[in-house]
1. Using only Cα atoms, locate the centre of segment 686-709 and the centre of segment 384-438, then give the distance between them in Å, rounded to an integer.
2. Calculate how many DSSP beta bridges within the chain are antiparallel, expressed in % of all such bridges and rounded to the nearest 5.
3. I want to make sure I understand the PRE zone here: with the label point 7 angstrom from the Cα of residue 355 toward its beta carbon, which residues in segment 387-408 have backbone N atoms less than 14 Å away?
4. Answer with one residue from 565, 642, 579: the one whose Cα lies farthest towards the positive end of the charge dipole of segment 551-647, charges on Cβ with Lys, Arg +1 and Asp, Glu -1.
5. Report the local net charge at residue 29: Lys and Arg +1, Asp and Glu -1, summed over other residues whose C-beta lies under 15 Å from its C-beta.
6. Want the number for residue 521 to residue 721: 0.36 nm per residue separation, take away the alpha-carbon distance, what's left?
7. Provide the FRET efficiency to the nearest 0.05 for the residue 738-residue 634 pair, computing r from the beta carbons and using R0 = 25 Å.
8. Calculate, in nm to one decimal, what residue 417 and residue 747 gain on full extension: separation in residues at 0.36 nm each, minus their alpha carbon distance.
Amino acid sequence: STAKETARKSTKAKSADTSSITYSKAQIKQSIVKHLHSTLGTDENKANNHAWWKATSAAMQELVLERLRTTQKTHYINDTRAVHYFSAEFLMGRLLSNNMHNFNLFETADAALKELGVELTDVLEEEPDMALGNGGLGRLAACFLDSLATMDLPAIGYGIHYEHGLFRQEIKNGAQIERPDSWRHYGNPWEICRPESIQEVPLFGYVETKYGANGRVKKEWHPGNIVKGVPWDIPIVGYGAKTVNVLRLWQSESSDYFNWDVFNSGGYVDAQRENIQAETISKVLYPNDETRAGKELRLIQQYFFCACSLKDIIRRYKRAHGDDWSRFSEQVVIQLNDTHPAIAIPELMRILVDRVELDWDTAWGICTKTFAYTNHTLLPEALERWPVRMIEKILPRHIEIIYEINHRFLSLVEKKWPGNNVIKAKLSIIEESTEKMVRMGNLSVVGSFAVNGVAEIHSKLVKENLFPEFEALWPGKLKNVTNGITPRRWLKACNPLLSELIGKKIGNDWPSDLTRLNKLSEFADNTTFQNQFMKVKQKNKEALAAEIKHLTGISVDTKAIFDIQIKRLHEYKRQHLNLIHIMALYKRLLEDPSYDMHPRVFIFGAKAAPGYTLAKDIIFAINKVADKINNDPRVNHIIKVVFLPNYRVSLAEKMIPAADVSQQISTAGKEASGTGNMKLALNGAITIGTLDGANIEIAEEVGDDNIFIFGMTVDEVTELSKKGYNPFDIYYHNNEVKAVLDWLDTDYFTPGQPGALSSLKNSMLSGGDPYMCLADYESYSEANRALNIAYRDKSRWAKMAILNTAKMGKFTSDRSIADYVERIWKLTPCTVE
Ligand code: T68
């Protein structure tokens, strides 16, 4: 396919080639010291690691900004078509190490700092994570930006400059506590404020209907409030450092002149109150994944960043094309990362119809050639719907436009299915419930030229279950693009030992063409290579063991199986299935001390949404079971359970290289794709997982012998639901399940507090076990037995691990981006010399 080839060509042969930018050790050293003096105002003797981090970052940023200028000039001169990635979340993590790797200056900087008596690894630890996202959706956006820049594609990310990113998690007596995250507290060396590109955003107020001389109806929105959007740019360095794109994040501020009247009439205090309201918009990231916030402020956040971004895009377009709107959709494609930015659709219509005064059909033609929408979930509680009354109040003109879009759309539906009101009610953008709602998913499908799911199975379910009639209405509009991850961060940077080994074996081109890893397959049976590969794994496990000790005080046996489940805490992800199985192993060992199992350390990392009680109860239960097991001398040489607090990108980078086993155990049909599954497999962990999301495609790639698949398929889950699922049937027929669930009711794990873990049992019994943990339990337990046996055979396991790494080529985000380019965006790379 041509797009894939162009994409590949652009990334090819630039692996370690940084052509224009070569910086010697002496130059880096000089630059760092210069910034220590003149940017930080300190010196080599006084500087702590934090100051060294800032000075080193500033030294890198100098190079970054030079490439940014060149890139922007090149894009401008070539008047390139660009993708505009609209996302409420970008989970960037740390940037220094990434930028050094992409400039191929990591080793040089390491050596330079050594000469200054400073350890680079310590310096890197000073950087706070940029955690402007919840989980997979936000991290996917970050991986995509990396690939876009790497593949020399003109792209810009648009989002919100949250003052507080995702909360910091502390664990007190086993329970999660949320603390504010202040990632910019001591300044951020990467972001650049661009006051010259400030935008204004209207809110509230009313709409006036005017009649022009030609009899044409004109709508004028008189906003009740105007806020300012201040852009902060984060440079995004591609691998090889040719292209540097930007992530533009909007910060809200009060618009000074808007409150001028209040101010002048002596209302100084009231004027200040208005300021605080405006500044609240970008204050904090909503910490819910897979559930609607339903809050006014959340809708305002969404509109705020969409309005700023559209104005920014239009300003740039007009600079090149003036008032000729005919080429807009040739130059601009906007990708909506879920429905969070869907309000951009009526906003663009408002600008084109009310401001530019295009007729509706022309405006709608432009809109529906500009937007494309990615769906990330089928869970009904996550599908965004906003009360009509809320939109009416905050965005009075937009609700009119949404109704008009819907009116015209429903006439199309009427043509296709004459007189069928059931279909009409189902497809309507407006849900006619007691409280009328706007369905943002339907709006997104109607207003976009392409819609995609994020893994084959998920896209199939989007087509067949979520939007079946849309497929009939617009055949071909619904597509698949399977997710991917950047191998630069998720192998090269986070796992230097494995990267070095791979490089020695197959060369250093794999980070920009991950399919080359397949060459490792040839060595999967080679004993020497198996030993080398597993020695790296062992070293990584030792490093993680030290980190576990440091963070929790728990000592773990590095010869044990490191079994890792890392992801947001959610019932559908079934951390509680993992937990009841751990309890069962514990019970088996107590009842039969000779029970045959290889020592195993179960490691969790997960944040729960602050308002999600059961998710927090599961964290509490994991910690209580961990306490008991870890302190029980009868078993603690065989099982350990570790919950690592404050799971985040930088912690993932330490955990993933050390994993032997990757837990991917969601109920089939519920996990749209998963991306942690890809990161772990890439680093040689063996998956124990269900046939859900991208697990299915991982299984296809690695082969049945190199993965432990268990549990019901999507069809079996559907069938069981239809037939009626009763978890009590399993409870009464499986003694182990019964004993373990009953154990949760006692005070065994929570001395003096019987019932403290009962909510977990209830959720899986009287609560109906909505995610069917018990239905999959037996099969999960069997898969774990098989896994235990496989690990005993060192050579077999090593071969499996090698083949997992070797077969992950498909899951690079470069391939995802190539798919988007080919199937949706139709972009051409632009080489920046
Ligand atoms: C995830 N979604 C999917 N949502 O769960 C995961 N939601 O299967 C997939 O791999 C990933 O997206 C990337 O496609 C999320 O992470 C959220 O974080 C979220 C945030 C706000 C509102 C709703």
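Bear in mind that the values in this text are calculations on the coordinates, not laboratory data. As the structure is a prediction and not an experimental result, all values here were calculated from the model. Reconstructed Cβ throughout: ideal geometry from the backbone, glycine too, with neighbour counts over all protein chains shown.
1. Measuring centre to centre over Cα atoms gives 41 Å.
2. Numbers: 37 of 82 bridges.
The answer is about 45 percent antiparallel.
3. 398
4. 565
5. Values: positive: 25, 34, 114; negative: 43, 44, 62, 107, 110, 115, 119.
Computed value for this residue: -4.
6. Details: separation 200, 0.36 × 200 = 72.00 nm, distance 4.11 nm.
Separation in residues times 0.36 nm, less the Cα-Cα distance, equals 67.9 nm.
7. Values: r = 22 Å, r/R0 = 0.89.
Plugging the Cβ-Cβ distance into 1/(1 + (r/R0)^6) gives 0.65.
8. Working: separation 330, 0.36 × 330 = 118.80 nm, distance 6.03 nm.
Taking residue 417 through residue 747 to full extension adds about 112.8 nm, to one decimal.
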